[in-house]
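> Pasting in a structure now, in structure tokens, and then I'll have a few things to ask.
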Amino acid sequence: MTSELLTLGLQPAVHTHDVRDGRVVRHPRSYFLDFLVDGVSFSNLAHVDRNLVTALNRSVWADISGAVETLLGRRPAPYLDAGRIPLLVCGSCGELECGAVTAALHVGATEVTWSDFRWDQGNISGPEPIDSLCAPLRFDRVQYGAELADVGLRVADLPDDEPLFSRPPHRGRRLRWPWQRSEDDRRP
């Protein structure tokens, strides 16, 4: 990357992963806004082939404002060292223990910088540097803030995620143990 300021973009994306539901393998979809750095997906820049998405995800829609506040440097990221933010998290559960790409965030008067990129697994193991991202990414602060301004509305417009596990349809009867008799069994 050069020393000039980059532009941050957000693009709707979908992530599909495998889930075992009994003997059936399902492929639920998760909808999120992907980071674009000068038009290139951040996960491509990081050369990440893992099951990762941004925290701007439809499945965590209730906490989108918190994720935006973290990206703007106004709120610390839970479970990370001060000044670090999660950029890509687990696409299945969003937890750090599964692995996440994190960065040091610096918000200056005219620019926002992501630097010191690491592969972090919470308390499981120490963070490891990401070799493919050695240079800091510097964004124009005004453009960065404007791109994140309407994230809540943009995520709300994404399709609903599919549930991780299918639920059997409710048939109007309550479940009973084999030794419990139903009302139908008691009738003459």
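> Among what's in segment 130-154 and is under 14 Å from Asp34 (Cα atoms) and of a type in the set (A, V, I, L, M), pick the residue that is surrounded by the most Cβ atoms within 10 Å (Cβ to Cβ).
The extreme case among them is Leu148.
> Continuing with this model, one more query. Can you say whether Gly83 is on the phi > 0 side of the Ramachandran plot and either touching a residue at least 40 places away in the same chain (Cβ under 8 Å) or surrounded by 19 or more Cβ atoms within 10 Å (Cβ to Cβ) (or both), as far as the supplied structure shows?
no
> Provide a single number: the residues in segment 93-117 that are open to solvent by 50 Å² or more (accessible area, probe 1.4 Å), under 25 Å from Pro28 (Cα atoms) and either free of Cβ contacts under 8 Å to residues at least 24 places away in the same chain or assigned to a loop (DSSP other than H, G, I, E, B) (or both).
2
Yes/no matrix, rows are residues, columns are (1) closer than 19 Å to Arg84 by Cα; (2) open to solvent by less than 60 Å² (accessible area, probe 1.4 Å); (3) at pLDDT 85 or above; (4) touching a Gly at 6+ places or on another chain (Cβ under 9 Å):
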| residue | (1), (2), (3), (4) |
| --- | --- |
| Pro12 | no, no, yes, no |
| Thr16 | no, no, no, yes |
| Arg20 | no, no, no, no |
| Val24 | no, no, no, no |
| Phe32 | no, yes, yes, yes |
| Ala55 | yes, yes, yes, yes |
| Val68 | yes, yes, yes, yes |
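The values are calculated or read from the model by the stated rules, or taken from the named source; none is laboratory data. As the structure is a computational prediction, the values presented were derived from the model and not from experiment. Neighbour counts run over all protein chains shown; Cβ positions are idealised from the backbone, glycine included. Calculation scope for accessible area: heavy atoms of the full protein, side chains included, ligands and nucleic acids excluded. Shrake-Rupley method; radii C 1.70, N 1.55, O 1.52, S 1.80 Å.
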